[in-house]
Each structure stands twice: as structure tokens, then as C-alpha cells.
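Please read the structure below before turning to the comments.
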Amino acid sequence: MHGFRSSPQSAKSQLFERVMTARGQAHLLMSPALPASPQKAIELCLSLTKNTPKEDLCIVGSSLGGYYATYLAETLDCRAVCINPSIYAARDLATQLEVRTQYHSDEPFEFKASYIKELADLFIPTLTKPERFLLLAGMQDELLEWQEMQARYHGAKQIIAPDQDHAFSGFEHYLPTVLDFIFS
């Protein structure tokens, strides 16, 4: 799942799609374009995953997508890979209340004040089974604090990468570990 104002056209999503296709597993990948409304984004993801057994489901999310992945993993009792996840999305996105465009197109993107409440409603105070999470946190993240990520996912498998930024630009180097986690 992509992050705030992003899309399935992001570099990580495109890389993931190429690798899954090369592995002959493209049919196992869902990469939806998430609506701006957090509630609608979660409803979409729940509808896409409703027929997938929890033991076969692993949700991968970056930034805001990592926040959503955490909520979904806790709700569905499945595994999740969180890449530079937003920990306090309502706090961090409260300053983004204006019409903008998406990162990968000129399509308008409006983030409404009511969405802050929707984000707050999705907050999971404590992870019930941290071992079902894989965290990738970049110490050079220019938007979010890796220390918050590390503390939030205490007990999870963690990769704290000293040279990675918010986009996790070197994601291809970590993809084998991510795939091992997904398919273990």
C-alpha cells in the first residue's frame, strides 16, 4: 500500500510488481490506488482481502500505507511489512489540509479535515503480536522519526537502515528479506 499522495506508480510498487511478475506470482499481488479518505482506503483493502485466509495474507505498506498495514494486520490477524511507517498519522498529516496533486500524476488530491479524525480512529495503541511485523526504518528519513518506528514495533523483526531516506530509495537491496518474510 502506497503512502500519502502516492500511488501504485511509486518506485517501490513498480519494483515489487516487476519482481512478483518475474517470480510468476503477479497474481498474488494487489496494489490498489487508495482514496484520500482513510476510512474509504481501509474499506477498499478489507473488500480486496475478504476472501484471503489470514495465514496467506501479508500486507506491505509504506509511510501512510504502513499505518494502514498496521491497522489491517491487527484487525485481520495477518502479517505486515511496514516501510518507514507513519506512527502518528493524525498528528503528522494535520498540516496537509489543502488541495494538492498526487505525486505521480496531475490528478487533484484533497485531504479534508474530517480525514484527521478518520486517521485517529485507526490508531492501534499496542501491537498484540509484534512478531507478525517486519519493520524497515530508514535513519535518513526526512519526514518521520525512525526512533518512533523502532519503539512502536518493539518485538517485531526490524531492519534499521542507516543510509535510507523516507522513500527507502535502496528498497531493491531489502526486497529478498521482504519476500522471505512474506513467503515464510
*Which pairs do you get when a residue that is touching a residue at least 60 places away in the same chain (Cβ under 8 Å), found in region 161-176, comes within reach of a residue that is outside any helix (DSSP H, G or I) and charged (D, E, K, R), reach meaning Cβ atoms under 7 angstrom, with the pair 6+ apart or on two chains?*
His166/Asp141; His166/Glu142
*Go through the residues of region 22-30 one by one and say whether even a single one is in a helix (DSSP H, G or I), closer than 25 Å to Ser169 by Cα, modelled with pLDDT of 95 or more and not polar (S, T, N, Q).*
yes
*Could you list, in sequence order, all residues of region 57-79 that are part of a strand (DSSP E or B) and of a type in the set (Val, Ile, Thr)?*
Ile59, Val60
*In region 9-22, what residues are under 17 Å from the mean Cα position of the chain (by Cα) and surrounded by fewer than 17 Cβ atoms within 10 Å (Cβ to Cβ)?*
Gln9, Ala11, Gln14, Leu15, Glu17
*Would you point out which residue out of Tyr88, Tyr68 is modelled with pLDDT of 95 or more, open to solvent by less than 40 Å² (accessible area, probe 1.4 Å), of a type in the set (Phe, Trp, Tyr) and closer than 21 Å to Ser114 by Cβ?*
Tyr68
_Unmet requirement for Leu76, which otherwise passes all of (1) touching a helix residue (DSSP H, G or I) at 6+ places or on another chain (Cβ under 6 Å); (2) farther than 17 Å from His166 by Cα; (3) open to solvent by less than 30 Å² (accessible area, probe 1.4 Å); (4) touching a residue at least 24 places away in the same chain (Cβ under 8 Å)_ = (3)
*If you go through region 31-53, how many residues are in contact with a Pro (Cβ under 9 Å, 6 or more places away or on another chain), touching a residue at least 24 places away in the same chain (Cβ under 8 Å) and assigned to a helix (DSSP H, G or I)?*
2
_Failed item, numbered, when Gln96 is tested on (1) open to solvent by 30 Å² or more (accessible area, probe 1.4 Å); (2) closer than 25 Å to Ala161 by Cβ; (3) assigned to a loop (DSSP other than H, G, I, E, B); (4) not small (Gly, Ala, Ser)_ = (2)
_Just the residues that are more than 23 Å from Lys112 (Cα to Cα) and open to solvent by 90 Å² or more (accessible area, probe 1.4 Å), please, taken from region 23-56._
Arg23, His27, Leu28, Met30, Lys50, Asn51, Lys54, Glu55, Asp56
_Against the condition charged (D, E, K, R), assigned to a loop (DSSP other than H, G, I, E, B) and over 18 Å from Tyr153 (Cα atoms), how does Arg5 come out, does it pass?_
yes
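The values are calculated or read from the model by the stated rules, or taken from the named source; none is laboratory data. Bear in mind the structure is a predicted one, so any value in this text is a computation, not a measurement. Cβ coordinates were reconstructed from backbone atoms using ideal geometry, including for glycine residues, and neighbour counts include every protein chain displayed. Areas reflect the complete protein model, heavy atoms only, side chains present, ligands, DNA and RNA absent. Shrake-Rupley method; radii C 1.70, N 1.55, O 1.52, S 1.80 Å.
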